[in-house]
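Okay, structure first, notes after.
The values are calculated or read from the model by the stated rules, or taken from the named source; none is laboratory data. All of these numbers come straight from a predicted model, not from anything done at the bench. For neighbour counting, all protein chains shown are included, and Cβ atoms are generated from backbone atoms with ideal geometry for every residue, glycine included.
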2 protein chains.
Amino acid sequence: MNKKGILVVVSGFSGAGKGTLMKMLMENYDNYSLSISATTRAPREGEVNGKDYFFVTKEEFQRMINNDELLEYAQYVDNYYGTPRSYVESELEKGKDVILEIEIQGALSIHGRYPDSLLIFVTPPSAKELKRRLINRGTETEENIKKRLNRAAQEAVGVENYDYILINDDLNESLERLHKLIQDQHMRVCHQLDFISDMSKQLRTLE
Amino acid sequence: MNKKGILVVVSGFSGAGKGTLMKMLMENYDNYSLSISATTRAPREGEVNGKDYFFVTKEEFQRMINNDELLEYAQYVDNYYGTPRSYVESELEKGKDVILEIEIQGALSIHGRYPDSLLIFVTPPSAKELKRRLINRGTETEENIKKRLNRAAQEAVGVENYDYILINDDLNESLERLHKLIQDQHMRVCHQLDFISDMSKQLRTLE
């Protein structure tokens, strides 16, 4: 039986609640591992190295690229963000379902490399609700909110490349749906090839 | 919002329990419609026309083929089996999830025509268990059991073309997994294109 974990890529509009959902997923179930990105940007207040991100220099990041130590990487403004390969691969081998919370550019690149990965896009139920959530955070300037909404409009174009859309209306309900959705993937034929091959062998040799 | 139903194709080894599962699915949930096949074979004792099958003559079946009234059809030994199109299409339009219980040949033909259909293959947990179930039916001759197991060995080759494998160990558990699996499909991007397009429009026109 194939016991390898599922590689799950989660993206979504900022304000969709995906950060909260990921936190809840980790706290409520123990079969998940959350991949931590490497970045060249400076830590923000309260961010912890090795927990929120691996904070590295541009030289270190370049070395990781050269050594093929990143599953994907992307540049935003002046900073690089990437997914360290070794953690993801070793957790998958252990049978853990590994969650990558990354942007669309990285998501598509992962999907090219791992066709069996599961791509989920998290969205609020409406654009109005997205705006309301961004305003309610109380941490964003009006200009920033406008920027984020513009960015969302651009991102929406790429949503069609994902496998599933999770419309996050109620957090607890979304958490359960997300968990079930990921667990269902273990039934996908591509994750059951060993079972099929065993079964075929048994059927041919059955006395 | 796209409210169209999901087209679900269920196949499986004979003895996998798929007939029982389909019956339970219909009895326990009301969002499903079971497609009834047309066939040229004679009714067996107890079989009801319009419930188990639509029993038709070879001439009627040929006319249905000519008029493009069948979604798929296949021949087994001397008999034809096919899926009447109009029922399936009208139920999907109503938002019902429509279940086709058909063989692999028909399943692949449906998938070619409806790429968004969901293909599920039901199997017992092992070949030994499959044999045990066939024997326990008490209705099959030893020769027939051998034939069915041989056929299963051939069918196993085609399983890789399905989307999901449902290993039917416990019926109640399998029922729940099957139902959840189908309901999850409503979150697939291909079934949410209207939502994505609405959301994009809203984001671009948000004031």
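Tell me whether region B:100-111 contains one or more residues that are closer than 30 Å to A:T205 by Cβ and either assigned to a loop (DSSP other than H, G, I, E, B) or among the hydroxyl-bearing types (S, T, Y) (or both).
Yes, region B:100-111 has at least one match.
Select, from B:E155, B:E173, B:E89, the only residue that is farther than 27 Å from B:K51 by Cβ, more than 14 Å from the chain's Cα centre (by Cα) and assigned to a helix (DSSP H, G or I).
From the options B:E155, B:E173, B:E89, the qualifying one is B:E173.
When only residues in region A:125-143 that are among the hydrophobic types (A, V, I, L, M, F, W, C) and crowded, with 17+ Cβ neighbours inside 10 Å count, which is farthest from A:T20 (Cα to Cα)?
This residue is A:A127.
Which ones in region A:177-192 are facing another protein chain (nearest Cβ under 7 Å) and not acidic (D, E)?
Within region A:177-192, A:K180, A:L181, A:M187, A:R188, A:V189, A:Q192 meet the criteria.
If the Cβ limit is 8 Å and pairs must be 6+ apart or interchain, which residue in region B:160-173 that is under 14 Å from B:M22 (Cα atoms) pairs with which residue that is in a loop (DSSP other than H, G, I, E, B)?
B:N168/B:A16; B:N168/B:G17; B:N168/B:P124; B:N168/B:P125; B:L171/B:G17
For B:E101, state whether it is surrounded by 20 or more Cβ atoms within 10 Å (Cβ to Cβ) and out of contact with any His (no Cβ under 6 Å at 6 or more places or on another chain).
Answer is yes for this residue.
Collect the residues in region B:96-153 that are within 11 Å of chain A (Cβ to nearest Cβ), of a type in the set (S, T, N, Q) and touching a helix residue (DSSP H, G or I) at 6+ places or on another chain (Cβ under 7 Å), keeping them in residue-number order.
Across region B:96-153, the qualifying residues are B:T123, B:S126.
Across region A:104-148, what is the number of residues that are aliphatic (A, V, I, L, M), closer than 30 Å to B:Q185 by Cβ and at pLDDT below 90?
1
What about A:I165, is it surrounded by 18 or more Cβ atoms within 10 Å (Cβ to Cβ), at the interface with another protein chain (Cβ under 7 Å from one of its Cβ atoms) and not in a helix (DSSP H, G or I)?
Taking the combined requirement at face value, the residue satisfies it.
Of everything in region B:9-33, what is under 18 Å from B:Y73 (Cβ atoms) and either surrounded by fewer than 18 Cβ atoms within 10 Å (Cβ to Cβ) or touching a Phe, Trp or Tyr at 6+ places or on another chain (Cβ under 7 Å) (or both)? Give them in sequence order.
The one that is under 18 Å from B:Y73 (Cβ atoms) and either surrounded by fewer than 18 Cβ atoms within 10 Å (Cβ to Cβ) or touching a Phe, Trp or Tyr at 6+ places or on another chain (Cβ under 7 Å) (or both): B:S11.
Could we say that B:G158 is in contact with a Ser or Thr (Cβ under 9 Å, 6 or more places away or on another chain) and surrounded by fewer than 18 Cβ atoms within 10 Å (Cβ to Cβ) here?
Numbers: in contact with a Ser or Thr (Cβ under 9 Å, 6 or more places away or on another chain): yes; surrounded by fewer than 18 Cβ atoms within 10 Å (Cβ to Cβ): yes.
Judged against the criteria, B:G158 is a match.
If we scan region B:32-42, do we find a residue that is without any contact (Cβ under 8 Å) to a residue 60 or more places away in the chain and under 21 Å from B:L119 (Cα atoms)?
Here is the first cut: in region B:32-42, the ones without any contact (Cβ under 8 Å) to a residue 60 or more places away in the chain are B:36, B:38-42.
Next, from what is left, pick out any that are under 21 Å from B:L119 (Cα atoms): B:36, B:38.
So far as region B:32-42 goes, yes, one or more of its residues are without any contact (Cβ under 8 Å) to a residue 60 or more places away in the chain and under 21 Å from B:L119 (Cα atoms).
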